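Structure record follows, encoded as structure tokens.
Since every read-out is calculated from the coordinates, none of them should be taken as a lab result. Everything numeric here is computed off the predicted structure, so don't read it as measured data. No Cβ is skipped: glycine too gets one built from the backbone with ideal geometry, and neighbour counts run over all protein chains shown.
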Amino acid sequence: MDYKSAGVDLAASEQSKQTIAELARRTHTKNVLHGIGLFGGFFQFPQQNYREPVLVASTDGVGTKIKLACQLGKYHDIGVDIVNHCINDIMVGGAEPLFFLDYLAFGRLNPAIVEELIAGISEACRAANCALLGGETAEMPDVYHAGEFDIAGTIVGVVEKAKIINGSAIAADDVLLGVASSGLHTNGYSLARKIVAANREIAAEVYRDELGETVGQALLRPHRSYQKIIAALRDLEGVHGFSHITGGGIVGNTKRLLPVGLKLEIDWNAWKWPPIFTLLQ
């Protein structure tokens, strides 16, 4: 009896570690004090840039979008998804990302899939000037079926205490503005997959003129990063809050910011809906 007969491939694990280390190294800034391999990641905080720094952290996953990625054999953008989702979650509070950690769990470790996922994570981290500081890749055949995996990410950022954005300044007659998404991002896929599976004319492999691509390609579009947009707006006078629209939709997420006594008024016909939403409805 050995690990391989128990469903754990140590050789595949070692191969993946080498790939991960190289892709992570490409994201490292001067504040990262070592490469991948130690028991923890060491990050030198840029204290000189802040008077009263506050750390902001968030952890998230990408939900059942993974099932669609497995169905279509496309994994790179799932890596982009997990980073951008986490970046948006801290950016809406006024923070800038510092470093990111990933967690991958497989029923049977597949080094090729790991490489695609980490390549996406690395790409998104580099675009955000965020270091991929560490992570965990687990093979658990008794927890996940072969061919299945899950992914989660944790991000840590920093904001000047006086510049925290939490919606407390929102007042009556403030205007609610929206910024377009790239699609479903990382929410709603349990329902979307069932809709697609039940209608042959919008099956994942079907090309649709209104989309300009297949349904599957539209559904796998990566979660958009709003980092540059938020960075350009957050210090402007009159900007009182940002809401990252994830599970719960526009109302569910935006009302979390509202002070007691205020409510949202939304004109649902004020913008052109992305065609993937219209198609699914």
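Summary table
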{"read-out": "Estimated 222 nm signal from helices in the chain, with DSSP H stretches of n ≥ 4 weighted -39500 (n - 2.57), rounded to 500", "value": "-9500 deg cm²/dmol"}
{"read-out": "Leading residue at positive end of dipole, region 28-107 (Cβ point charges), from Val54, Tyr103, Phe43", "value": "Tyr103"}
{"read-out": "Exposure proxy ranking, count of Cβ atoms within 10 Å, fewest first, for Cys130, Cys86", "value": "Cys130, Cys86"}
{"read-out": "From the C-alpha gyration tensor of region 90-217, square roots of 5λ in Å", "value": "32, 26, 14"}
{"read-out": "For the chain, built as a Gaussian network whose Cα springs stay under 10 Å, the top-fluctuating residue of Ala146, Ala172, Ala95", "value": "Ala172"}
{"read-out": "Sum of side-chain charges, Gly61 neighbourhood, beta-carbon under 10 Å (Lys, Arg +1; Asp, Glu -1)", "value": "-2"}
{"read-out": "Computed Rg/Rh of region 153-208, alpha carbon atoms with Kirkwood Rh", "value": "1.20"}
{"read-out": "Footprinting exposure proxy for Met140, Met91 (fewest neighbouring C-beta atoms within 10 Å first)", "value": "Met140, Met91"}
{"read-out": "Proximal charge balance of Glu160 [Cβ under 9 Å; K/R count +1, D/E count -1]", "value": "+2"}
{"read-out": "Filter on Lys194/Lys272; Lys228/Lys255; Lys30/Lys74; Lys163/Lys272; Lys30/Lys67; Lys17/Lys163 - keep pairs with C-alpha separation over 31 Å", "value": "Lys30/Lys74; Lys163/Lys272; Lys30/Lys67; Lys17/Lys163"}
{"read-out": "Nearest-20 debye value, region 189-280 charge dipole, Cβ charges on Lys, Arg, Asp, Glu", "value": "320"}
{"read-out": "Sum of side-chain charges, Leu264 neighbourhood, beta-carbon under 15 Å (Lys, Arg +1; Asp, Glu -1)", "value": "-1"}
{"read-out": "Ranked His34, His76, criterion: other C-beta atoms within 10 Å, fewest first", "value": "His34, His76"}
{"read-out": "Antiparallel content of DSSP bridges confined to the chain, in %, to 5", "value": "70"}
{"read-out": "Leading residue at positive end of dipole, region 100-199 (Cβ point charges), from Ile121, Ile155, Ile170", "value": "Ile170"}
{"read-out": "Inter-label distance for Ala162 and Leu264, nm, one decimal - labels placed 7 Å from Cα along Cα-to-Cβ", "value": "3.2"}
{"read-out": "Span per principal axis, largest first, for the Cα atoms of region 4-163 (Å)", "value": "55, 30, 24"}
